[in-house]
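The values are calculated or read from the model by the stated rules, or taken from the named source; none is laboratory data. Not measured: the values here are computed from a predicted model. Neighbour counts are summed over all protein chains in view; Cβ atoms, including those assigned to glycine, are modelled from backbone coordinates with ideal geometry.
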């Protein structure tokens, strides 16, 4: 009998994980998930939509896996959660349509990055936000949200982001569909970036370099030249703790998950970094 495919939607807080991909040093998301699946009766490897680095969180990571014969996604939904560690959880397990693949079927992703641009981060949010004053190159700078929003918005379009990702990532044109800054309240802001693909550290370098430019520590001329032509700049890689993989998008005909599930995620903790503050969400003017 053939093994049946399943699509898993998982969440995790990346603080205590050494990234997603299994490695000899251990304590990765992949290791924890695959070990839990073995205990649940599924001793097979997974294929994620992408890999996140050490300390990065995910509201929506998607993985493909094959289930043993006669083993259903409903069975996995019941048997897997008791074996998962506290900072890793399952939202949905579902049998996808034929041809679905978590990575190769993806049409795009959305990342969110949290920054404390004013006031002081609350104790609950402190592990999940960047505080610019802790970065030596930003210490003492006054960062105006409007200026940060303007610089982030300049990155939108199809371009070579070579200056904003690790050179180990394939150099190719990528489309950044939107890049906006939103005020969440209490001085906490959120960068929202949607695109068809991202190189390694691209979000962190883009956010960090926009902050560096807004602070006057990097010239706007050099920042925009890096966007326009891929010219190398002494950018800033923002810390991992502020970054959250928010959503993985698929074409409607392949998407294993319903619009209702995407809007109201089942099983997602209603705590940081997933649940937003209760203050009204407004977009900062560019």
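Per-structure values
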read-out	value
Search result, residues across the stretch 34-50 that are over 21 Å from the mean Cα position of the chain (by Cα) and not in a helix (DSSP H, G or I)	40, 41, 42, 43, 44, 45
Flag if residue 98 is part of a loop (DSSP other than H, G, I, E, B), modelled with pLDDT of 95 or more and assigned by TED's automatic domain parsing to the domain that holds residue 12	yes
Test: residue in the stretch 131-138 that is in contact (Cβ under 8 Å) with a residue 12 or more places away in the chain, over 22 Å from the mean Cα position of the chain (by Cα) and surrounded by 14 or more Cβ atoms within 10 Å (Cβ to Cβ)	yes
Qualifying positions in the stretch 151-180 - assigned to a loop (DSSP other than H, G, I, E, B), under 16 Å from residue 209 (Cα atoms) and in contact with a strand residue (DSSP E or B) (Cβ under 8 Å, 6 or more places away or on another chain)	155, 156, 161
Residue within the stretch 66-87 that is touching a residue at least 40 places away in the same chain (Cβ under 8 Å), farther than 29 Å from residue 113 by Cβ and part of a strand (DSSP E or B) present	yes
Qualifying residue in the stretch 259-279 (condition: over 21 Å from the mean Cα position of the chain (by Cα) and loosely packed, with under 12 Cβ neighbours inside 10 Å)	yes
Boolean, residue 201 is touching a helix residue (DSSP H, G or I) at 6+ places or on another chain (Cβ under 6 Å) and in contact (Cβ under 8 Å) with a residue 40 or more places away in the chain	no
